[in-house]
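Peer 1: Take this structure first; my questions come after.
Please treat every number below as a calculation from the coordinates, not as lab data. Since we're looking at a predicted model, the values are computed, not measured. Positions of Cβ are backbone-derived with ideal geometry, glycine not excepted, and every protein chain shown enters the neighbour counts.
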Amino acid sequence: MRATTVRRGLIAATALLPVLALSACGSDPAKAKPAPAGSQAVSAAAQDLVSSVTKVDSIAALLPEDVRKTGSFKVGSAVGAPPTAFYPDQAVKKPAGIDIDFTDAVAKVLGLTVEREEAKFETILPALDSGKYDLGTGNFGVTTARLKTIDFVTYIDDGQGFAVKKDNTSVQPVTDLLQLCGLKIGTGAGTTFETTLNSKKNICTDAGKKPYEVSAFSDNGAILTGLQQGRIDVLMSTINGLRYQASQEASGTKFLGEFHRLDVGFAFKKGSPLTPAFQGAVNQLIKDGTYDRILKKWGVTDSAIKESQISPPEHP
């Protein structure tokens with residue numbers, strides 16, 4: 001496949017991307033202001049599809065007895081950007097998004113209350129083993145490496161993609177990492193994107209090319225600011241997130257297409273007794289139509305799965 005060189009010099013005197021960034025990252029963090037989520041995301045957040053979901057006793061019976069008695073579960077939730085999880089109103093700090101709706105809907109099926117705690121993406125999976133959280137959400141992709149220590153209950157199919165500035169006319173859809181040689185890539189810390197990029201760095205030197213550089217950030221705002229200011233050339237993130245971002249006129253980005261699809265699931269400590277009940281709850285939502293309505297609400301119907309699985313192998 002022909003390697004395509006992505007043009008450097010993405011500097012532009014434009015505002016921070018308002019769709020994905022939750023905070024502006026300038027020289028003075030104290031003066032940083034949250035960026036708006038975008039009217040489309042805010043409008044979707046106002047649609048309530050969860051309150052009508054009812055408990056299904058036969059599925060709730062799959063829960064361990066202690067959880068049924070407690071009546072709740074603890075969730076470590078990464079809140080970052082629409083449509084996965086974000087704050088429609090920074091003043092209220094009530095999250096919305098795909099992860100939020102599915103977590104809340106599953107809780108309704110199981111007759112449980114959600115105890116949600118916002119956490120940085122890269123801290124959630126390690127915290128499962130310590131028992132800090134019963135499960136984690138953060139658009140966690142099912143990978144071979146993660147399956148060694150984490151169990152998943154799948155609920156959507158998302159994956160990895162790339163984006164650049166909208167005015168970048170020399171780029172082609174990234175279908176081979178060789179296309180990135182010599183470039184600076186920005187992505188999220190602790191993500192499958194970071195792992196994929198770092199594990200394949202040698203392909204450039206093996207081909208006699210300059211390797212690409214990977215910069216990982218805990219804050220979405222920092223990645224997007226880097227893209228705007230030309231400190232990174234390409235952004236790697238979720239297919240749904242980048243596609244949504246590019247659909248917003250104010251974002252100033254261009255989605256370069258899908259790179260690698262991944263199942264996405266609720267993350268649990270390996271061997272967690274909660275997984276059968278959560279799988280049953282997701283499949284109930286698929287059966288009663290709530291599942292499709294949630295996907296339609298967030299504009300991600302092409303991420304539908306036919307049925308939930310417990311720790312399936314990574315997509316080839």
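Peer 1: Taking the C-alpha atoms of region 198-316, how large are the radius of gyration and the largest Cα-Cα span, Dmax, in Å?
Peer 2: Spelled out, the Cα radius of gyration and Dmax of region 198-316 are 18.4, 55 Å.
Peer 1: What is the distance in Å between the Cα centres of region 290-315 and region 170-236?
Peer 2: 27
Peer 1: Now for a separate question. Listed highest first by mean packing, meaning other Cβ atoms within 10 Å per residue, what order do 310-316, 186-192, 91-97, 205-211 come in?
Peer 2: 186-192, 91-97, 310-316, 205-211
Peer 1: Please report the relative contact order for region 159-261, taking Cα pairs under 8 Å with a sequence separation of at least 6, and give it as a percent rounded to a whole number.
Peer 2: 49
Peer 1: Taking only the alpha-carbon positions of region 159-261 and ignoring solvent, what does the Debye formula give for the base-10 log of I(q)/I(0) at q = 0.15, 0.18, 0.24 Å⁻¹?
Peer 2: Taken in order of the listed q values, log10 I(q)/I(0) reads -0.54, -0.80, -1.47.
Peer 1: Continuing with the same structure: Rounded to whole Hz and in sequence order, give me ³J(HN,Hα) for region 302-310 from the Karplus expression 6.51 cos²θ - 1.76 cosθ + 1.60, θ = phi - 60°, writing x for Gly and Pro.
Peer 2: 6, 9, 5, 10, 7, 7, 6, 10, 9
Peer 1: Related question: So what are the ³J(HN,Hα) numbers for region 253-261, from phi and the Karplus equation (6.51, -1.76, 1.60; θ = phi - 60°), rounded to whole Hz, Gly and Pro as x?
Peer 2: So the J values, rounded to whole Hz, are 10, 10, 7, 9, x, 7, 9, 8, 7.
Peer 1: How long is the chain along each principal axis, judged by its Cα atoms, biggest number first, in Å?
Peer 2: So the three principal-axis extents are 58, 43, 34 Å.
Peer 1: Regarding region 250-316, what is the average projected area of its C-alpha convex hull, in nm²?
Peer 2: Hull-based average projected area comes out at 6.4 nm².
Peer 1: As a test of the definition: which semi-axes, in Å, follow for region 70-130 when you take the square root of five times each eigenvalue of its alpha carbon gyration tensor? Largest first, please.
Peer 2: In descending order the semi-axes read 19, 16, 10 Å.
Peer 1: Using Cα pairs closer than 8 Å and at least 6 residues apart in sequence, work out the relative contact order for the chain, in percent.
Peer 2: In percent, rounded to a whole number, it is 28.
Peer 1: Sorted by mean Cβ packing within 10 Å, highest first, what order do the peptides 275-282, 40-47, 174-181 take?
Peer 2: Top of the packing list down: 275-282, 174-181, 40-47.
Peer 1: Please go through region 114-214 and write out the GluC sites (Glu not before Pro) that DSSP classes as loop and that have at most 10 other C-beta atoms within 10 Å.
Peer 2: none
Peer 1: Determine the principal axes of the Cα atoms in region 55-178, then give the extent along each, sorted from largest to smallest and rounded to whole angstroms.
Peer 2: Projected onto its principal axes, the Cα set of region 55-178 covers 59, 39, 27 Å.
Peer 1: Report, in deg cm²/dmol and to the nearest 500, the calculated mean residue ellipticity at 222 nm for the chain, where each DSSP H run with n ≥ 4 adds -39500 (n - 2.57) and the sum is divided by the residue count.
Peer 2: Roughly -8000 deg cm²/dmol at 222 nm, from the helical runs in the chain.
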